[in-house]
Amino acid sequence: METEREPNTVEEPKAAYGLYSYADYLTWQFEEVVELIKGKIFKKAAAAPNRIHQKVSVKLVSRLYVFLEGKKCQVYDAPFDVRFPKGSKEDHKIHDVVQPDICVICDPEKLDDRGCIGAPDLIVEILSPGNSKTELKLKYELYESHGVREYWIIHPENQNVLIYTLINGKYVPSGLLTSGDVVESTAIEGFKLDLEEFFGDIE
């Protein structure tokens, strides 16, 4: 029986065995920014993120960059490929490639000229109107299964943050954090974010 197409997948060339790999990904010339999850193509929620999304991203990247300067961990923002290999690191055997809005990598061995191969320590996704529930669910499962230590979801319009912390291989949610709360990262020791102050000039 034919399965229903995922709501945010893009028109795509025919894949061998129905799955795409990072080797395929490197050959594409889509106008949209795309990601690869479980061998399927997904359109990035917003190829040109809105102003508030960009303001939150730039502000958080700046805070992380200053905090991490001189330390082992490094922060990167999109577009930046993160590949999640299962066993083999060969391009044609990697079926998960995403571009998180922000990520922090503390193991320099995971970095190469093409981005990151393996799980970042922290991933931040900033929601846009185009984000689908399917995309969020698949990314949650992907990050949890590959051992991303901390996963932040920021809702810029509502000015709140949800944090998932990996404990014994499973994500534990923080509960919704908003103005008046101070976010303290467990993956990036010592990094804190006063949400009232952080969101204060974002409008």
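The values are calculated or read from the model by the stated rules, or taken from the named source; none is laboratory data. Keep in mind that what you see is a predicted model, and the values were worked out from it rather than measured. We place every Cβ from the backbone using ideal geometry, glycine too, and count neighbours over all the protein chains shown.
Within this structure, Thr134 passes the test of being of a type in the set (Val, Ile, Thr), more than 17 Å from Asp77 (Cα to Cα) and in a helix (DSSP H, G or I).
Are any residues in region 39-61 exposed (fewer than 13 other Cβ atoms within 10 Å of the Cβ) and modelled with pLDDT of 80 or more, and if so, which ones? Within region 39-61, Arg51, Val58 qualify.
Farther than 29 Å from Glu184 by Cβ, under 16 Å from the mean Cα position of the chain (by Cα) and of a type in the set (Val, Ile, Thr): does that describe Val97? Please lay out each step first, then the result.
Working: farther than 29 Å from Glu184 by Cβ: yes; under 16 Å from the mean Cα position of the chain (by Cα): yes; of a type in the set (Val, Ile, Thr): yes.
Criteria met by Val97.
The requirement of being in contact (Cβ under 8 Å) with a residue 60 or more places away in the chain, touching a helix residue (DSSP H, G or I) at 6+ places or on another chain (Cβ under 7 Å) and surrounded by 14 or more Cβ atoms within 10 Å (Cβ to Cβ) is fulfilled somewhere in region 104-123, by at least one residue.
If you go through region 88-122 one residue at a time, how many are part of a loop (DSSP other than H, G, I, E, B) and among the acidic types (Asp, Glu)? First the steps, then the outcome.
Within region 88-122, the subset part of a loop (DSSP other than H, G, I, E, B) is 88-90, 94-96, 99-101, 106-107, 113-114, 118-121.
Imposing the further condition that a residue be among the acidic types (Asp, Glu) reduces the set to 90, 96, 101, 107, 113, 121.
Here the count works out to 6.
Among the conditions (1) touching a helix residue (DSSP H, G or I) at 6+ places or on another chain (Cβ under 7 Å); (2) within 29 Å of Lys38 (Cβ to Cβ), the only one that Leu138 does not satisfy is (1).
Answer yes or no as to whether Gly180 is more than 16 Å from the chain's Cα centre (by Cα), closer than 24 Å to Asp201 by Cα and small (Gly, Ala, Ser).
Numbers: more than 16 Å from the chain's Cα centre (by Cα): yes; closer than 24 Å to Asp201 by Cα: yes; small (Gly, Ala, Ser): yes.
For Gly180, the condition - more than 16 Å from the chain's Cα centre (by Cα), closer than 24 Å to Asp201 by Cα and small (Gly, Ala, Ser) - is met.
State the number of residues belonging to region 128-144 that are without any contact (Cβ under 8 Å) to a residue 60 or more places away in the chain and surrounded by fewer than 20 Cβ atoms within 10 Å (Cβ to Cβ).
Initial filter on region 128-144 (without any contact (Cβ under 8 Å) to a residue 60 or more places away in the chain): 133, 136-137, 140-141, 143-144.
Okay, now just the ones that are also surrounded by fewer than 20 Cβ atoms within 10 Å (Cβ to Cβ), so 133, 136-137, 140-141, 144.
Of the residues in region 128-144, 6 are without any contact (Cβ under 8 Å) to a residue 60 or more places away in the chain and surrounded by fewer than 20 Cβ atoms within 10 Å (Cβ to Cβ).
Scanning region 50-76 for residues that are touching a Pro at 6+ places or on another chain (Cβ under 9 Å) and not in a loop (DSSP other than H, G, I, E, B), which turns out nearest to Lys110 (Cα to Cα)? Among residues in region 50-76 that are touching a Pro at 6+ places or on another chain (Cβ under 9 Å) and not in a loop (DSSP other than H, G, I, E, B), the one nearest to Lys110 (Cα to Cα) is Gln74.
Looking at region 19-37 only, could you name the residues that are within 15 Å of the chain's Cα centre (by Cα) and modelled with pLDDT of 85 or more? Let's see the steps before the verdict.
Filtering region 19-37 for residues within 15 Å of the chain's Cα centre (by Cα) gives 33-37.
Listed by number, the residues that qualify are Val34, Glu35, Leu36, Ile37.
Screening Asp91 with (1) charged (D, E, K, R); (2) more than 29 Å from Phe199 (Cα to Cα); (3) surrounded by 15 or more Cβ atoms within 10 Å (Cβ to Cβ); (4) without any contact (Cβ under 8 Å) to a residue 60 or more places away in the chain gives one miss only, at (4).
Taking region 181-202, which residues are touching a residue at least 12 places away in the same chain (Cβ under 8 Å) and exposed (fewer than 14 other Cβ atoms within 10 Å of the Cβ)?
Here is the first cut: in region 181-202, the ones touching a residue at least 12 places away in the same chain (Cβ under 8 Å) are 181-183, 185-188, 190-191, 193-196, 198-199, 202.
Once the filter is applied, which keeps residues that are touching a residue at least 12 places away in the same chain (Cβ under 8 Å) and exposed (fewer than 14 other Cβ atoms within 10 Å of the Cβ), region 181-202 yields Val182, Gly190, Asp194, Glu196, Ile202.
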